[in-house]
Amino acid sequence: MEIKGNDEVEKIKSKFISAWNNVKYSWMLKTKTSFSRNSAVFLLGKCYHFKADDEDSPTESCSTDVFDDEPVMGNVDGFRRDFASRIWLTYRDDFATLPESNITTDCGWGCTLRAGQMMLAQALLLHFLGRDWTWPDALTLEPLDTETWTSSTARKLVASIEASFQGDRLRVPEPSCQPQCGAEEADAHLKEVYHRTIVSWFGDSLSAQLGVHRLVRLGMTSGKRAGDWYGPGVVAHILRKAVEIATDPELRGVTVYVAQDCTVYNADVIESHSAQVDTHAAPEGALTDNRAVIILIPVRLGGEKINPEYFSFVKAILSLEYCIGIIGGKPKQAYYFVGFQDDSMIYMDPHYCQSFVDVSTSNFPLQSYHCPSPKKMPFIKMDPSCTIGFYSKSVQDYERISSELAKGPGFESHWGHVCAEFACSPRAAGVSSGCSGFLPGPKTCLVLQPSSKEKYPAFTFMKGHGRDYELSVPLEKREWPFIKDTRIPGATAGDFVLL
């Protein structure tokens, strides 16, 4: 009896936490996101212009949140449709208890997990539906409004507390099913099936392939538990494990590669593209390069604060069609960065706590999994710790990606020169020791060319496997050749740059 009473207290406590979180963040809903009509907007490799071709008088800014009383100019609808089609994964409450805890919500601590889920969901959208896919109902989403959000939160809180005393779980009403009819709609129906399947993989239940319950359990191997805060690098490895152990046949054609110490090893990625085929259809042990690879690169773009020199680099990354975004944010607040305009980052915010949705039903509501309102944040406020993501469909695709990132064709204004075939000394290469992999042998280093003489590497492409460079040895032994003894005369803090 006492245990049951404690569980009820924890459930009520979590409901109050969720309600307070929404009240705390509701002020952000009052702020309309303004976009300049005179500057291009980039969203995961696509470029949008809000100024109409025949518009003579310049307009300072426009808002993507309110269009009822304003004429739509330029390609605003195209941007809105594209943004709202991305899968939005936020805090949820009133779901089944998380592993080895009494917690029934990730509100207040799970934002980085949600940002990681959104990045992975974007990669799966690319894999199954392609970059040009948009959700047909994207423009019908209701804009987020502070008053309605706060009042509905209060109503849900009261109703859920009453239901908890009555022992009943609130159910989300299922929309009526509109059956597909006609051969011309077969393709649209198939895409919608994939859309729903992808969303269901991120459901908040014990059985969901990529749900928060699975991620929390996998995080325990890294010393994390439900209620802990997760960093972008830890989440990258958790996502890799989740995809690796997924049992859904559709997910067997995808794998995740996580860079080691800012270094992507070409042979490891190419090997990841190879998957063992069905033994009934091919000889035992046969391999094929038909598996897509999601490349995640945890990096640190500065010391305690973001280094402004990296902004051009971040913009160039988000301009690439195979980029799946960035897990980042502000200190202790994770966001999913998907684009930029001028000096501001465009992001999806996971901090809105929504009610549990049972995705096991065939026609579960999709509206809460798509965000109608993009948000912007000055780049200078970005936390330096983040994880960059790319999607590579095949070995040929990866060779093109690695070549473009290394040589930067078409991005001369963003990329610096290529540092190749340099020896152990970071100073000989003119780069920082913060980027690992300063080992003998040929490699390509992705760097910026800022106005100063210093060059700041973000991440590195290296030939061969990671095991070829004895990465299994302890970190301090692996890096000792590049740690300069400050007791030696002439050594200064300026010899190395902290990433």
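What follows draws every value from the coordinates through simple rules; no lab data is involved. Quantities reported herein were computed from a predicted structural model and do not represent experimental measurements. Here Cβ is always computed from backbone atoms with ideal geometry, including for glycine, and neighbour counts include all displayed protein chains.
Zone of residue 248 (label point 7 Å along Cα→Cβ, backbone N under 18 Å): which residues in region 351-372?
357-370
Measure off 7 Å from each Cα along the Cα-to-Cβ vector at residue 132 and residue 228, then give the distance between these two points in nanometres to one decimal.
Spacing of the two 7 Å Cα→Cβ label points: 4.5 nm.
At a Förster distance of 22 Å, what's the computed FRET efficiency of residue 206 paired with residue 361, Cβ-Cβ distance as r, to 0.05? Mind showing how you got there, number by number?
Numbers: r = 16 Å, r/R0 = 0.74.
So, using R0 = 22 Å, E works out to roughly 0.85.
For region 199-264, what ratio Rg/Rh do Cα atoms give with a Kirkwood hydrodynamic radius?
0.98
Between residue 197 and residue 304, 0.36 nm times their residue separation minus their Cα-Cα distance comes to what? Before the final figure, lay out each step's value.
Values: separation 107, 0.36 × 107 = 38.52 nm, distance 4.01 nm.
Answer, rounded to one decimal: 34.5 nm.
How long is the gain from residue 399 to residue 332 if the chain were fully straight, where each residue apart is worth 0.36 nm and the alpha carbon distance is subtracted?
20.5 nm
Rg and Dmax in Å for region 104-146, alpha carbons only: what are they?
Just the Cα atoms of region 104-146 yield Rg and Dmax of 14.0, 36 Å.
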